[in-house]
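Asks: First, the structure itself, so that you have it in front of you.
The values are calculated or read from the model by the stated rules, or taken from the named source; none is laboratory data. Because the structure is a prediction, the values reported are computed rather than measured. Heads up, the Cβs are rebuilt from the backbone with ideal geometry, glycines too, and the neighbour counts pull from every protein chain shown.
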Amino acid sequence: MHFDELQRLYQLPLFDLLKQARAVHEANWPKNEVQLCTLLSIKTGGCSEDCSYCAQSARYDTPVENERLLSCGAVMERAQAARDNGSTRFCMGAAWKGVRDGTQKFDEVLEIVRNVSQLGMEVCVTLGELGPVEAKKLREAGVTAYNHNIDTSPEHYPNIVTTHTFQDRLNTIGHVQDAGMSVCCGGILGLGETVDDRLRMVEVLSNLDPQPESVPINSLVPIAGTPMGGNDPIDTFGLVRMIAVARIAVPGAKVRLSAGRAQLSEEAQALCFFAGANSIFYGDKLLTTTNPQAQADLALLEKLGMTPQMPFTDVPAPAKATEEEAALVEA
Ligand code: SAM
Ligand code: DTB
Ligand code: SF4
């Protein structure tokens, strides 16, 4: 979708924007379901990169304790518990710049993926940069989706990270697509960006071909000791508008209401679901920060008459918006 069209949508009166987003949502996701994903940090802290929002960068003095890669047994325990709690997607994150074939750590990750993929959940990993060989091996081991966020606009990216480039991120996404894995790609709101930066980010996401299978929308969780630790919280209506715009621009994706949910009221979350969010991180912890309690999330879904979504373990990434869907947006 073109930037001008995204700007036009964003500037609509809120209820007009919500009405359009809701129509796209209902056409693509008619069931009032929310996907429950559990996150686990399998390797925490000590990362070489300087992403200025991140608790795990070795460059900042943050409250995070470094931990080495978890054993396969330890990960399996957590994955089984997540499945028993009703999660249908298990996402494993590692604080690495990237992974390289032929290293012991990559072999260990492949072994973890082979085991977790036996449990019947979607398996997502986020390990940083990948080349074509690593992507192919992860896919063969059983990864269904690879998370690699672009985080903000191409223009704002160098203000946030200097140790790798926006183009590096796109290259990894290309390797993931070529290997036949679904792409999970989104960003963070609250990095000192403008609304236009946010819309430029959505423009890039919507023009990926194929479009991402899921789009995480994170609100910055300010981390003491990082350059972004003192940033102001984002405005809830700005978040809701971004979710609505993402829903319209990437109609077949799960739009995941991701980091920062612990700071949102139930009413704000309900508005996000209405605008098109249909996936959440479920369980008390994200990677290093807190998430709402699982019981509270189930109670909220029940109050809203929404149900947890069944897993899709073998779906191709969604294609670009059809002409009918595009027409719906213009209507
Ligand atoms: N190292 C890998 C990478 O950068 O792709 C994977 C882990 S990294 C922590 C995954 C994503 O978490 C980041 O791209 C960012 O979108 C999100 N994230 C990290 N710290 C955050 C924070 N403090 N608030 C909100 N989102 C955050
Ligand atoms: C994503 O977009 N958000 C998740 C997941 N992908 C890996 C990570 C959120 C991290 C929030 C900060 C923390 O817990 O350290
Ligand atoms: Fe954090 Fe990932 Fe950046 Fe490392 S590459 S500092 S883990 S966001």
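Asks: Taking segment 46-73 on its own, how many of its residues are under 21 Å from Lys105 (Cα atoms), out of contact with any Ser or Thr (no Cβ under 8 Å at 6 or more places or on another chain) and either in contact (Cβ under 8 Å) with a residue 12 or more places away in the chain or within 15 Å of ligand 2 (Cβ to nearest atom) (or both)?
Replies: 5
Asks: Can you find a residue that is away from ligand 2 (no atom under 12 Å from the Cβ), under 11 Å from the mean Cα position of the chain (by Cα) and farther than 22 Å from Asp50 by Cβ anywhere in segment 210-218?
Replies: Among the residues of segment 210-218, at least one is away from ligand 2 (no atom under 12 Å from the Cβ), under 11 Å from the mean Cα position of the chain (by Cα) and farther than 22 Å from Asp50 by Cβ, which makes the answer yes.
Asks: Sticking with this one: Residues of segment 74-112 being modelled with pLDDT under 95 and among the β-branched types (Val, Ile, Thr), which ones?
Replies: If the condition is that a residue be modelled with pLDDT under 95 and among the β-branched types (Val, Ile, Thr), then Thr88 is the only one that fits.
Asks: Just give me the residues in segment 48-62 being within 12 Å of ligand 1 (Cβ to nearest atom) and not aliphatic (A, V, I, L, M), in sequence order.
Replies: Ser48, Glu49, Asp50, Cys51, Ser52, Tyr53, Cys54, Gln56, Ser57, Tyr60, Thr62
Asks: If a residue has to be crowded, with 19+ Cβ neighbours inside 10 Å and either in contact with a Ser or Thr (Cβ under 6 Å, 6 or more places away or on another chain) or closer than 17 Å to His148 by Cβ (or both) to count, how many in segment 177-198 make the cut?
Replies: 14
Asks: Within segment 110-160, which residues are within 16 Å of ligand 3 (Cβ to nearest atom), out of contact with any helix residue (DSSP H, G or I) (no Cβ under 9 Å at 6 or more places or on another chain) and outside any helix (DSSP H, G or I)?
Replies: Answer for segment 110-160, where residues must be within 16 Å of ligand 3 (Cβ to nearest atom), out of contact with any helix residue (DSSP H, G or I) (no Cβ under 9 Å at 6 or more places or on another chain) and outside any helix (DSSP H, G or I): Cys124, Thr126, Asn147.
Asks: May I pose another question? I'm trying to understand the selection: among the residues of segment 265-295, which are surrounded by 19 or more Cβ atoms within 10 Å (Cβ to Cβ) and away from ligand 2 (no atom under 14 Å from the Cβ)?
Replies: If the condition is that a residue be surrounded by 19 or more Cβ atoms within 10 Å (Cβ to Cβ) and away from ligand 2 (no atom under 14 Å from the Cβ), then Gln269, Leu271, Cys272, Phe273, Ala275, Gly276, Asn278 are the ones that fit.
Asks: Looking only at segment 27-49, count how many residues are within 21 Å of Tyr146 (Cα to Cα) and either hydroxyl-bearing (Ser, Thr, Tyr) or in a strand (DSSP E or B) (or both).
Replies: The total comes to 13.
Asks: Go through the residues of segment 85-97 one by one and say whether even a single one is within 16 Å of ligand 2 (Cβ to nearest atom), of a type in the set (Gly, Ala, Ser) and in contact with an Asp or Glu (Cβ under 7 Å, 6 or more places away or on another chain).
Replies: no
Asks: Right, here's the next one. Determine, yes or no, whether Gly174 is part of a helix (DSSP H, G or I), more than 15 Å from ligand 2 (Cβ to nearest atom) and surrounded by fewer than 18 Cβ atoms within 10 Å (Cβ to Cβ).
Replies: Yes.
Asks: So, in segment 56-88, how many residues would count as being within 16 Å of ligand 3 (Cβ to nearest atom) and out of contact with any strand residue (DSSP E or B) (no Cβ under 9 Å at 6 or more places or on another chain)?
Replies: Within segment 56-88, residues that are within 16 Å of ligand 3 (Cβ to nearest atom) and out of contact with any strand residue (DSSP E or B) (no Cβ under 9 Å at 6 or more places or on another chain) number 4.
Asks: OK, next. Looking only at residues that are without any contact (Cβ under 8 Å) to a residue 60 or more places away in the chain and outside any loop (DSSP other than H, G, I, E, B) in segment 199-222, which one is nearest to Asn291 (Cα to Cα)?
Replies: Looking at the filtered set, the residue picked out is Ser219.
Asks: If you don't mind, another one. In this structure, does Phe15 turn out to be of a type in the set (Phe, Trp, Tyr) and surrounded by fewer than 15 Cβ atoms within 10 Å (Cβ to Cβ)?
Replies: yes
Asks: Would you mention how many residues in segment 243-268 are within 16 Å of ligand 1 (Cβ to nearest atom) and either among the β-branched types (Val, Ile, Thr) or assigned to a helix (DSSP H, G or I) (or both)?
Replies: Residues meeting the conditions: 6.
Asks: Restrict the check to segment 153-160 and report whether at least one residue is within 30 Å of Arg8 (Cα to Cα), crowded, with 19+ Cβ neighbours inside 10 Å, within 14 Å of ligand 1 (Cβ to nearest atom) and in contact (Cβ under 8 Å) with a residue 60 or more places away in the chain.
Replies: Checked against the condition, which is being within 30 Å of Arg8 (Cα to Cα), crowded, with 19+ Cβ neighbours inside 10 Å, within 14 Å of ligand 1 (Cβ to nearest atom) and in contact (Cβ under 8 Å) with a residue 60 or more places away in the chain, segment 153-160 yields at least one hit.
Asks: Then there's this: Would you mind finding the one in Ser71, Ser57 that is farther than 30 Å from Val204 by Cα and at pLDDT 95 or above?
Replies: Every option except Ser71 fails the conditions.
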